[in-house]
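Take a look at the structure below.
The values are calculated or read from the model by the stated rules, or taken from the named source; none is laboratory data. Bear in mind the structure is a predicted one, so any value in this text is a computation, not a measurement. A quick note on method: Cβ atoms are made from the backbone with ideal geometry, for glycine too, and the neighbour counts reach across all protein chains shown. With ligands, DNA and RNA removed, areas are computed over all heavy atoms of the protein, side chains included. Shrake-Rupley method; radii C 1.70, N 1.55, O 1.52, S 1.80 Å.
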Amino acid sequence: MDALRAVVAGIELRSFARAAVELGRSQSAISMQLKKLEQQAGTQLFVRKGRGLVPTEAGEALAAYARRIVALNDEAARALGAAVTSETVRLGLPQDFFDDVMPATLSAFAHDHPQVHVEVRAGPNHTLGEEIQAGRLDGAIVFFPEVAGGEGERLCKLPMQWLMHKAFGDQTAHDRVPLVMFDHPCLFRQATLATLDRVDRRWRVAVTTPSLPGIWGALRSKLGIAVRTGHGVPDDIVCADDELDLPRLPAIELRLLRSQNATPAANDLCEALRRETIGLVAPS
């Protein structure tokens with residue numbers, strides 16, 4: 001059981017050194033456990049990549065079973081009143097929702113699961129989706145194109161908006177539109193460029209950044225305009241759709257993704273995330 005717990009922690013934390021710290025074990029002890037697992041499995045479970053280890057296909061398969069086995073073991077121990085290692089559930093969401101959806105979800109979840117450790121991760125859509133598929137996240141809300149369909153549960157549809165600082169002048173009438181955007185790949189970036197190209201509107205990239213605070217900072221510097229939804233926009237950032245005579249943007253969907261191997265606690269976290277997202281984000 002300790003070896004399986006080490007596998008789960010190492011893959012989810014992307015570091016067996018960090019897993020050793022979290023589990024209170026030495027790195028050499030973790031290495032011996034992994035080696036013993038490989039001997040018992042009769043196949044290689046991990047390969048070295050850079051300074052760390054990554055799972056092979058067989059290692060990923062083992063990890064999927066390990067998560068379920070560890071969760072079932074801990075559930076049985078709790079039912080019998082035995083002490084167990086505190087369970088960890090992992091939540092992912094875009095930075096747009098860190099000020100309201102995240103704290104509301106954590107508060108609702110902690111009311112019923114006060115002993116469960118919650119790990120929260122921010123990230124771009126493609127990263128959050130990959131983390132769900134790999135089992136490194138239990139639940140996430142993710143932006144999708146309106147016509148995407150299929151994956152996850154659709155929670156709501158939100159209009160995209162052109163955004164600027166309230167002191168930003170009209171610098172777009174006779175010049176290329178200065179854009180403040182997330183690094184590639186980004187759905188908002190793709191929609192922005194496709195919309196401008198569709199109407200033959202010239203543009204230039206003024207600022208790129210990997211973070212939402214970076215977007216707001218660039219807008220406050222009056223370096224350009226950005227595209228997001230209207231949710232969580234600071235008070236000094238305003239909608240520029242009509243003022244700058246910019247083309248209409250498409251809507252974007254917000255969907256809930258869940259891990260296929262979620263534990264009962266993780267499913268409760270997903271339900272809290274679903275409920276709070278609909279209550280705080282979905283248009284009334």
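Between GLN190, GLN95, GLN40, the GNM of the chain built on Cα springs shorter than 10 angstrom shows GLN40 fluctuating the most. Length available on full extension from ALA251 to SER15: 0.36 nm per residue minus the Cα-Cα distance, which gives 81.1 nm. Computed from the C-alpha gyration tensor, the three semi-axes of the ellipsoid equivalent to the stretch 182-226 are 19, 13, 7 Å, from longest to shortest.
Each residue of the stretch 128-140 was assigned a 3J(HN,Hα) from its phi angle through the Karplus expression (A = 6.51, B = -1.76, C = 1.60, θ = phi - 60°), giving 5, x, 5, 5, 5, 4, 7, x, 8, 10, 8, x, 7 Hz with x at Gly and Pro.
Our summary gives the chain a relative contact order of 23 percent, counting only alpha carbon pairs under 8 angstrom and 6 or more residues apart. If you bin all the Cα-Cα distances of the stretch 1-144 at 5 Å, starting from zero, the percentages per bin are 2, 9, 17, 19, 20, 16, 10, 6, 2, 0. Summarising the amide proton neighbourhood of MET181: residues at separation of 5 or more, or on other chains, whose placed amide H is nearer than 5 Å comprise VAL207, THR208, THR209.
With contributions of -39500 (n - 2.57) from each DSSP H run of at least four residues, the per-residue ellipticity at 222 nm computed over the chain stands at -13000 deg cm²/dmol. Computed with the Debye formula from one identical point scatterer per Cα of the stretch 9-81, without solvent, the log10 of I(q)/I(0) at q = 0.16, 0.25 Å⁻¹ comes to -0.62, -1.27. With the simple spin-label model, which puts each label point 7 Å out from Cα in the Cβ direction, the VAL120 to THR209 separation comes to 2.0 nm. Just so you know, the Cα atoms of the stretch 147-284 work out to an Rg and Dmax of 17.0, 57 Å. Only Lys, Arg, Asp and Glu carry charge here, each on its Cβ (+1 for the first two, -1 for the last two); on that basis the chain has a dipole of about 920 debye about its Cα centre. Treating each Cα of the chain as one equal point scatterer and applying the Debye formula with no solvent, the log10 of I(q)/I(0) at q = 0.07, 0.12, 0.13, 0.15 Å⁻¹ comes out as -0.34, -0.84, -0.93, -1.10.
Rounded to the nearest Hz, the phi-derived 3J(HN,Hα) couplings of the stretch 65-71 under the Karplus curve 6.51 cos²θ - 1.76 cosθ + 1.60 (θ = phi - 60°) are 5, 4, 4, 5, 5, 5, 4, where x marks glycine and proline. Surface composition of the stretch 1-137: carbon and sulfur make up 53 percent of the accessible area, probe 1.4 Å.
Computed extension gain for ARG68 through VAL199, at 0.36 nm per residue and net of the alpha carbon distance, reaches 42.0 nm.
Given R0 = 41 Å, the distance between the Cβ atoms of ALA29 and SER107 translates into a calculated FRET efficiency of 0.65. Working from label points 7 Å from Cα in the Cα-to-Cβ sense, the SER221 to ALA58 distance is 5.1 nm. Beta bridges assigned by DSSP with both partners in the chain are antiparallel in approximately 60 percent of cases. Would you mind estimating how fast the stretch 85-147 diffuses translationally, via Stokes-Einstein at 10 °C and 1.306 mPa s with the Kirkwood radius over Cα pairs, in µm²/s? D, rounded to a whole number, is 128 µm²/s. Taking all protein chains together, HIS231, HIS111 sort by accessible area into HIS111, HIS231, largest first [probe 1.4 Å].
For the stretch 198-234, the residues whose backbone nitrogen is under 16 Å from a point 7 Å from the Cα of HIS184, taken along Cα to Cβ, are 203-210. Helix 27-41 and the longest principal axis of the C-alpha atoms of the chain enclose an angle of approximately 80°. Since only THR127, GLY139, SER26 are under comparison, the one whose Cα sits farthest along the positive direction of the charge dipole of the chain, derived from C-beta charges on Lys, Arg, Asp and Glu, is SER26. The Rg/Rh ratio for the stretch 35-113 is 1.11, where Rg is the radius of gyration of the alpha carbons and Rh is the Kirkwood radius. Taking amide H as placed 1.01 Å from N in the peptide plane, ARG121 has its amide H under 5 Å from the amide H of LEU91, GLY92, LEU93, each at least 5 places away in sequence or on another chain.
Computed from label points 7 Å out along Cα-Cβ, the spacing between MET1 and ASP175 is 6.6 nm. Taking all Cα pairs closer than 8 Å and separated by 6 or more residues, the relative contact order of the stretch 1-93 comes to 26 percent.
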